[in-house]
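First the structure, in the form of structure tokens, and then the observations on it.
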Amino acid sequence: MNRLRRGLSAYAAMIRLFSRNVWLVLLFGMGSGLTFGIFLFTFNFYVLSLGPGYDEAFLGTLQSAASLATIAMALPAAYIAQRYSPKWVMIASGLIGAVAYLGLVLFPSQWPLVAFRMLAGVSMSLGGVAGAPFLMAHTGARERQWAFSFMAGLSTVASFFGNLLAGILPGWLGGWAGAGPTETLSYQLSLGSIVLLSLFSIIPLLFIRATRLPQGAIELPWVLVRRHARLFAMFLLPSLVIGLGAGLMQPFMNVYFRNVYEQPDPAIGVVFALGGLAMAVGQFAGPPMADRYGKIKTVMLTQGLSIPFLMTLGLGAYLVPSGRAAAELFFIIAGVAYIFRLALMNLSNPVYQTFVLERVPEQAQALSVSLTNLVFQVGWFIMPQVSGQLQVAHGPAGFTYVFAGVTLLYATAIVIEWLFFGRGKVPAEVATEGAAI
């Protein structure tokens with residue numbers, strides 16, 4: 001009890017160090033998290049409801065299209081974030097996202113879905129590349145890790161409520177319109193609601209006071225890449241491998257629970273919501289763990305602990321479709337495994353991001369975030385196609401191969417991190433202390 005009280009006191013002390021501008025960006029992150037929580041849960045079911053030709057393989061194509069757009073925007077986004085105010089870059093990302101969501105609802109045919117899903121990828125690329133350097137510039141070394149983890153945790157809590165809403169919105173809105181909860185119209189109305197949410201989320205950004213741009217001459221992204229090639233390569237390779245694993249699995253988790261265990265949307269929504277809540281708890285636990293064990297040890301430890309839960313998810317995909325286990329029972333087991341895996345893997349994300357940003361020059365911070373998004377999205381570009389084809393070819397049992405591949409990739413990433421950083425070979429820190437403005 002005393003340890004919990006000390007931990008809460010430490011959090012309260014760090015939170016009081018956050019500036020007004022940081023709190024406004026945290027509010028934007030909460031709005032974006034709520035929006036994304038509804039979108040992530042609803043979109044796959046919306047596409048599958050459109051009829052023949054809109055199957056898991058097409059879902060893979062859509063995710064690959066979004067990732068391709070993110071990859072293509074990586075270097076331009078880094079330059080834009082360096083050239084213009086982060087405030088207006090984040091506002092632009094929110095407006096672009098609203099247009100993308102609206103297009104997905106209004107034009108439910110294949111090529112428009114691909115185009116607007118790519119536009120959503122552009123929005124995510126811009127928002128991510130502006131937000132992290134903004135937090136670096138508006139926090140000191142003492143509270144920086146806490147701010148990054150708090151941003152991730154608040155966004156995840158909002159996503160938790162988004163998942164809960166997504167489980168009931170199609171039934172509620174569809175019933176109001178005279179449609180069943182799994183009909184296309186119900187999913188369209190649910191997705192349409194997030195257009196308004198996306199617009200509301202940018203309102204706090206309008207109140208951000210003037211912020212400084214990075215000092216010094218603005219350099220083209222590829223010049224910075226050449227100058228810091230070795231440093232970037234060390235930081236980006238683990239993200240690439242983890243992105244390959246995440247792209248194989250994560251876009252299809254709601255499909256996994258529906259097809260393997262034959263569960264309805266509300267039950268899956270509860271699992272997703274609890275997973276989001278567990279993610280938030282993990283992310284809030286990140287700063288004290290990083291303070292106690294060090295950032296990179298915290299990253300490797302939590303990633304390693306997630307692997308048994310990945311294997312449990314794959315085991316369910318083997319046992320239940322073959323009739324060796326009851327779907328109702330293993331759905332609970334798989335749900336618990338999913339929740340713990342999310343908490344452990346996502347605890348490490350803001351810790352690793354801070355670890356990287358503290359070790360690159362200020363003028364390269366936006367580029368660092370953008371390149372991390374790029375290599376991560378390479379996995380989301382390639383692997384959803386593989387996963388979708390495995391599901392089409394093998395049915396629900398195809399997820400056995402999916403989770404085996406994810407387990408292998410995550411284990412590989414941990415080995416790479418240990419070789420690069422785990423034996424005292426961490427690159428020297430670069431002074432990046434930003435004045436709070």
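The values are calculated or read from the model by the stated rules, or taken from the named source; none is laboratory data. Small disclaimer: the values here were computed from a predicted structure and weren't measured. Heads up, the Cβs are rebuilt from the backbone with ideal geometry, glycines too, and the neighbour counts pull from every protein chain shown. Side chains included, ligands, DNA and RNA excluded: accessible areas come from the protein's heavy atoms. Shrake-Rupley method; radii C 1.70, N 1.55, O 1.52, S 1.80 Å.
Quick notes
- Distribution of pairwise C-alpha distances over segment 263-326, 10 Å bins, in %: 18, 33, 31, 15, 3
- Cβ-Cβ FRET estimate between R142 and W172, R0 fixed at 45 Å, reported to 0.05: 0.50
- Rounded to the nearest 10 Å², the accessible area of I268 at probe 1.4 Å: 0
- What you get for the chain, charging only the Cβ of Lys and Arg (+1) and of Asp and Glu (-1), is a dipole of about 1360 debye around the Cα centre.
- E262-V392 pseudo-label distance in nm [points 7 Å out on the Cα-to-Cβ vector]: 2.5
- Residue separation of T182 and L106 scaled by 0.36 nm, minus their Cα-Cα distance, works out to 25.6 nm of gained length.
- In Å², nearest 10: area of H394 left accessible to a 1.4 Å probe: 90
- Computed over segment 71-136, the P(r) tail beyond 13 angstrom holds 60 percent of alpha carbon pairs.
- Computed packing ranks the peptides 176-185, 144-153 as 144-153, 176-185, most packed first, by mean other Cβ atoms within 10 Å.
- A protection proxy built from the mean count of other Cβ atoms within 10 Å ranks the segments 129-136, 160-167, most packed first, as 129-136, 160-167.
- Cα centroid separation, segment 88-145 to segment 162-190 (Å): 25
- Helix 86-106 axis versus longest C-alpha principal axis of the chain: approximately 10°, rounded to the nearest ten.
- The peptide list 361-371, 68-78, put in order of mean Cβ contacts within 10 Å with the highest first, becomes 361-371, 68-78.
- Per principal axis, descending, Cα span of the chain in whole Å: 58, 47, 44
- Shape summary: segment 146-296 maps onto an equivalent ellipsoid whose semi-axes, from the alpha-carbon gyration tensor, are 36, 22, 18 Å in decreasing order.
- Local electrostatic count, F331, Cβ distance below 12 Å [Lys/Arg +1, Asp/Glu -1]: -1
- When you work out D = kT/(6 pi eta Rh) for segment 121-212 at 37 °C and 0.692 mPa s, using the Kirkwood radius from C-alpha pairs as Rh and the Stokes-Einstein form, the result is 208 µm²/s.
- Secondary-structure-derived ellipticity at 222 nm for the chain, considering helices only, amounts to -28000 deg cm²/dmol, per-run term -39500 (n - 2.57) for DSSP H runs with n ≥ 4.
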